[in-house]
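This report refers to the structure that appears directly beneath it.
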Amino acid sequence: ACNIEKQVKFFKREENDLGDVTIVRNTDTKQQYLVKEKIFTDIAEFTAELKKTMNRSNITNGNILKFHDYSSISKVDSASKCFKIRLFYDYWERSIRREISDRRSSGNDFSIEELTYLLYDIISACAYLEEKGANHGELSPGVILLDENNRFVLADRLRSKAKYPQNLIDRVNRNDKLYLPPEAYRAIRSRDSKALEAINPCKADVFVLGLV
């Protein structure tokens, strides 16, 4: 277990824009953390994800959701195999998607000044990722978070920029709401994996940020 895991107690589970997560609280400092758990049955997939998680520690930027630590668990017996990775992040309660919905109901839209801050913060985050040889790949209003002072951060869904994620094909076929550049939709609809992999993911992030 990581140090954080030893110092926190179970707080609550919730389904939010980042998926099914657990919120835990440090028993001494009262700080809350968002915990994402990934479960694998294949040792190769688990090992690859563990390597990516360890590399995540090198991503440190004020406009990207802070990653604190991780823990891994392996359970193997004659009947089954189960591998888990728990990721510990800062907990930010509000997403832009929820904020837009709340503001529309009260007639209080974002001001030009607020939108300028939003663009600056997220563009800075994307530029930092490109410098690090990474990209986001799934920008949407649900992964842009804000605090009570309307400071914006980009929630963590990072991957290597080697290729576009193949699971997008299944997600488009399920009619999931995705923010994608036109060339990605064309490649997905035609099931053209080579065209999907040829997309410049950092340029795609720029286009998608405009949609968001």
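The values are calculated or read from the model by the stated rules, or taken from the named source; none is laboratory data. Note that the structure is predicted; figures quoted are calculated from it, not measured. A quick note on method: Cβ atoms are made from the backbone with ideal geometry, for glycine too, and the neighbour counts reach across all protein chains shown. Accessible surface areas use protein heavy atoms only, side chains included; no ligands, DNA or RNA. Shrake-Rupley method; radii C 1.70, N 1.55, O 1.52, S 1.80 Å.
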Scanning the chain for trypsin sites (Lys or Arg not before Pro) in DSSP loops with at most 12 other Cβ atoms within 10 Å, what's the longest stretch left with none? 31-173
With every protein chain in place, the chain: carbon and sulfur % of accessible area (1.4 Å): 48 percent
Name the most mobile residue of VAL35, VAL76, VAL153, meaning the one with the largest mean-square fluctuation, in a Gaussian network model of the chain with Cα contacts below 10 Å. VAL76
From the helices alone, meaning DSSP H stretches of at least four residues, give me the mean residue ellipticity at 222 nm for the chain, per-run term -39500 (n - 2.57), in deg cm²/dmol to the nearest 500. -11500 deg cm²/dmol
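Leaving out ligands and nucleic acids, and using a 1.4 Å probe, what accessible area per residue does the stretch 1-81 come to in Å²?
Heavy-atom accessible area per residue stands at 64 Å².
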What whole-number distance in Å separates the alpha-carbon centres of the stretch 182-204 and the stretch 120-141? 19 Å
Using the Cα gyration tensor of the chain, with a ≥ b ≥ c the square roots of its eigenvalues, what is the shape: rounded (a/c below 1.5), prolate (a/b larger than b/c) or oblate (neither)? oblate
First check a/c for the stretch 16-100, with a ≥ b ≥ c the square roots of the eigenvalues of its C-alpha gyration tensor; if it is under 1.5, answer rounded, and if not, answer prolate when a/b is larger than b/c or oblate otherwise. prolate
